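Note sheet for the following structure.
The values are calculated or read from the model by the stated rules, or taken from the named source; none is laboratory data. Just so you know, these numbers come straight off a predicted model, no measurement behind them. Because the Cβ atoms are built from the backbone with ideal geometry, glycine has one as well, and the counts that use them run over all protein chains shown. We work out accessible area using only protein heavy atoms, side chains counted, and drop any ligands, DNA or RNA first. Shrake-Rupley method; radii C 1.70, N 1.55, O 1.52, S 1.80 Å.
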Amino acid sequence: MPGLTSARYGKDNVRVYKVHRDEKTGVQSVTEMTVCCLLEGKIETSYTKADNSVVVATDSIKNTIYIKAKEHPVNPPELYASHLGQHFIDQYPHITAAHVKVVVHRWTRMTVDGAPHPHSFFRDGQETRNAEATVTRGAGIDLRSSVAGLSVLKSTGSGFHGFVRDEFTLLPEVWDRILSTDVDCTWDWKRFPTVAAVQEGVERFDKAWESARAIVMKTFATDESASVQNTMYKMCEQILEAVPEVDKAGFALPNKHYFEIDMSWHKGIKNTGKDAEVYAPQSGPNGLIKCEVARDVSTVVHR
Ligand code: AZA
């Protein structure tokens, strides 16, 4: 007998822009984000019995995303996501959980003639700052913060050797290689009981984001990397150390390969090993290495 085992719905890819105008200085600040908001609750009959009386229309969810962006600060995204998620719990008794994801896109202030420009910005890379709030009736607010799409490369200071060698292995061991990835780094906060608790000490979220980013960059640059696995583990340890309110840190890192090009066939040109200068960046396939590191492995909650 088939039966509904899980259901959530809402609006995805809601693009929102908000400006803050400082009347005194004339300086404007902007935030652009993409929001996904999905609801869970006593909504089974909308699937099984065509009962739309339990459905808050996805168009209404989209409208709410805009209205909450007007009513509340959109920074930090963790606070906005909490306000938005809590709204659905407060407004609709049959909704038991709201899942909000906010992706913040970079608009970095321009420097013009050596000075920060009051109202002009540029997109410096595809990196985003993300916040996910799961607001659950009677339980509180689970927050996950992340940095995604931060592309990094180091031209030396990385090797990979000592791995399994058998009849499936072609990859040579290397003591010096190019290492490149698009960083996806997440950190999960201890549960907050209320939006007020998220609001109190709200600067923790910007600080954690700055710390995580700095740790990622410094460790990537300075670690004599034995593998993506080992370097990402070191990053997780440091994030847990730097942010006491975080329970778990994790990474998903593609290993974006750069292949040497043998040119010996052309006039005996040397372009491999220590003579390698021109490489072929690969679009795919890529390695994909993931891990999560918990502060206390005995209390891990799997989401
Ligand atoms: N980890 C690495 O850092 N590099 C690799 C791997 C791996 O698991 N496999 N091939 N190359």
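Under 17 Å of direct C-alpha separation, and excluding same-chain neighbours fewer than eight residues apart, LYS207 reaches these lysines: LYS190, LYS218, LYS248.
Residues of region 148-191 with the amide nitrogen closer than 13 Å to a label point 7 Å from the Cα of TYR258, along Cα-to-Cβ, please. Backbone N within reach: 152-159, 176-181. Taking label positions 7 Å along the Cα-Cβ direction at both GLU167 and LYS274, the computed distance is 3.7 nm, reported to one decimal.
Under a Gaussian network description of the chain, with springs only between Cα atoms under 10 Å, the residue in VAL27, VAL35, VAL74 that fluctuates furthest is VAL27.
With a simple spin-label model that places each label point 7 Å from the Cα along the Cα-to-Cβ direction, the separation between ILE67 and TYR9 comes to 2.0 nm.
Note on region 139-303: with charges restricted to the Cβ of Lys and Arg (+1) and Asp and Glu (-1), its dipole about the Cα centre is near 140 debye.
How many percent of the accessible area of the chain is carbon or sulfur, using a 1.4 Å probe? Summing carbon and sulfur atoms, their accessible area is 54 percent of the total for the chain. Of the GluC sites (Glu not before Pro) found in region 1-73, the ones in coil according to DSSP and having at most 12 other Cβ atoms within 10 Å of their Cβ are GLU23. Under 10 Å, Cα contacts only: if you run a Gaussian network model on the chain, which one of VAL54, VAL16, VAL198 comes out with the highest mean-square fluctuation? In the Gaussian network model the winner is VAL54.
For region 192-206, what does the Karplus curve 6.51 cos²θ - 1.76 cosθ + 1.60, with θ = phi - 60°, yield as ³J(HN,Hα) per residue in whole Hz, taken in order and with x for Gly and Pro? Ordered by residue, 3J(HN,Hα) equals 9, x, 8, 5, 4, 5, 5, 5, 5, x, 5, 5, 4, 6, 5 Hz. Distance between the modelled labels on VAL152 and GLU210, one decimal in nanometres: 1.8 nm (7 Å Cα→Cβ projection). Expressed per residue, the C-alpha convex hull volume of the chain stands at 226 Å³. Hey, in the GNM for the chain with a 10 angstrom Cα cutoff, which one of SER46, SER158, SER145 fluctuates hardest? Most flexible of the set in this elastic network: SER46.
Placing a label point 7 Å from the Cα of GLN282 along the Cα-to-Cβ direction, the residues of region 227-263 whose backbone N falls under 12 Å from that point are 255-260. Among the chymotrypsin sites (Phe, Trp or Tyr not before Pro) found in region 238-303, those both in a DSSP coil and sparsely packed, with 14 or fewer other Cβ atoms within 10 Å of their Cβ, are TRP265. Given a cut-off of 22 Å, what percent of all Cα-Cα pairs of region 1-135 lie beyond it? Looking at region 1-135, the distances longer than 22 Å represent 46 percent of pairs. Straight Cα distances below 18 angstrom link LYS256 to the lysines LYS154, LYS290, with same-chain residues fewer than 8 positions distant left out. Here's the list of lysines a cross-link from LYS11 could span, going by alpha-carbon distance under 20 Å and ignoring same-chain residues fewer than 8 apart: LYS42, LYS62, LYS68, LYS70, LYS101. The fraction of all Cα pairs in region 139-303 landing in successive 10 Å bins from 0 to the largest distance is 9, 32, 29, 17, 9, 4, 1, 0, given as whole percents.
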